[in-house]
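A.B. asks: Have a look at the structure that comes next, please.
The values are calculated or read from the model by the stated rules, or taken from the named source; none is laboratory data. Source: prediction; values computed, not measured. Because the Cβ atoms are built from the backbone with ideal geometry, glycine has one as well, and the counts that use them run over all protein chains shown. The area values use the complete protein model at the heavy-atom level, side chains included, leaving out ligands, DNA and RNA. Shrake-Rupley method; radii C 1.70, N 1.55, O 1.52, S 1.80 Å.
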Amino acid sequence: MTDSIDLRVNGQVRHLPLDPATPLLQVLRNDLCLNGPKYGCGLGQCGACSVLVEGRVARSCVISLGAVAGRDVVTLEGLGASGRLDPVQTAFIECQAAQCGYCLNGMIMTVRGLLNHCAQPSPDQIVGALKYNLCRCGTHVEILEAATLAAE
Ligand code: FES
């Protein structure tokens with residue numbers, strides 16, 4: 001039996017006739033064409049799929065659609081929706097923190113989630129927030145620089 005879920009994504013309420021057990025990442029990418037969250041491991045371990053739920057970072061590959069019904073979900077597409085880049089995005093560009101870029105959306109969402117709740121994080125807090133976001137290119141130095149710049 002298919003249920004129906006109201007999902008609020010990037011400020012818009014979407015009425016979705018989907019099984020509540022469907023992974024949020026699958027819904028975002030396949031049903032809503034929001035490709036900011038990436039599929040990496042599918043196991044909650046790499047951070048590529050990171051989104052914000054009620055302002056806090058969450059791994060959309062291991063959250064069900066039903067778990068976020070009625071809650072505020074923001075993807076990378078929802079940052080800078082006012083037509084201006086989010087300061088985190090600006091910092092990542094300024095520090096040239098991308099190589100292949102696959103992990104970057106999740107990194108940006110993780111830093112945004114950190115800054116939402118801690119405006120001036122310490123270096124340890126920044127490292128702690130990002131330590132489970134994996135970058136196979138090894139650009140962690142630039143990514144940490146960007147996160148630090150975004151917090152200034
Ligand atoms: Fe979700 Fe890796 S794809 S944490």
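A.B. asks: Over the range 5-78, what is the percentage of antiparallel beta bridges among all DSSP beta bridges, to the nearest 5?
C.D. replies: On the way: 12 of 14 bridges.
In the range 5-78, approximately 85 percent of DSSP beta bridges are antiparallel ones.
A.B. asks: Report the Cα-based extents of the chain along its three principal axes, largest first, to the nearest Å.
C.D. replies: Projected onto its principal axes, the Cα set of the chain covers 48, 30, 24 Å.
A.B. asks: Let me ask something else about it. Gaussian network model of the chain, Cα springs within a sub-10 Å range: biggest mean-square fluctuation belongs to which of Val27, Val57, Val111?
C.D. replies: For the chain, modelled as a Gaussian network with Cα springs under 10 Å, the answer is Val27.
A.B. asks: Give the relative contact order (percent, whole number) for the range 93-152; include only Cα pairs under 8 Å separated by 6+ residues. Mind showing how you got there, number by number?
C.D. replies: Numbers: 45 pairs, mean separation 30.4, N = 60.
About 51 percent, as a whole number.
A.B. asks: So for each of 96-109, 78-91 I average, over its residues, the number of other beta carbons within 10 Å; can you give me the resulting order with the highest mean first?
C.D. replies: Values: 96-109: 21.0, 78-91: 15.6.
So the order, starting with the most tightly packed, is 96-109, 78-91.
A.B. asks: Can you tell me the accessible area per residue over the chain, all protein chains present, probe 1.4 angstrom, in square angstrom? Mind dumping the intermediate values first?
C.D. replies: Details: 7980 Å² over 152 residues.
For the chain, the per-residue accessible area is 52 Å².
A.B. asks: Roughly how tilted is helix 140-151, in degrees to the nearest 10 and between 0 and 90, from the longest Cα axis of the chain?
C.D. replies: Orientation of helix 140-151: about 80 degrees from the principal axis.
A.B. asks: OK, next. Over what distance in Å are the Cα centres of the range 100-118 and the range 49-83 separated?
C.D. replies: Cα centroid to Cα centroid, the span is 12 Å.
A.B. asks: Taking a point 7 angstrom from the Cα of Thr148 along the C-beta vector, which residues in the range 71-100 have backbone N less than 13 Å away?
C.D. replies: The answer is 95.
A.B. asks: Which angle between 0 and 90 degrees, to the nearest 10, do you get for helix 104-117 versus the longest principal axis of the chain when only C-alpha atoms count?
C.D. replies: 90 degrees
A.B. asks: Using a 1.4 angstrom probe and counting only protein chains, how large is the accessible area of Asp31 in Å², to 10?
C.D. replies: Using a 1.4 Å probe on the heavy atoms, I get roughly 80 Å².
A.B. asks: Over the range 5-78, what number does the Rg to Rh ratio reach, with both radii from the alpha-carbon atoms and Rh per Kirkwood? It would help to have the intermediate numbers written out before the result.
C.D. replies: Numbers: Rg = 10.7 Å, Rh = 11.8 Å.
Using only Cα positions, Rg/Rh for the range 5-78 is 0.91.
A.B. asks: Can I ask one more? Remind me, relative contact order of the range 1-85 in percent, using alpha carbon pairs under 8 angstrom and six or more residues apart? Please list the in-between numbers first.
C.D. replies: Numbers: 164 pairs, mean separation 29.5, N = 85.
It comes to 35 percent, rounded to a whole number.
A.B. asks: Using amide H atoms built in the peptide plane, which far-off residues or other-chain residues are under 5 Å from Ile5 H to H?
C.D. replies: Leu16, Leu18
A.B. asks: Taking Cα pairs under 8 Å and at least six residues apart, what relative contact order does the chain come out at, in percent? Intermediate values should be presented prior to the final figure.
C.D. replies: Working: 281 pairs, mean separation 36.5, N = 152.
The value is 24 percent.
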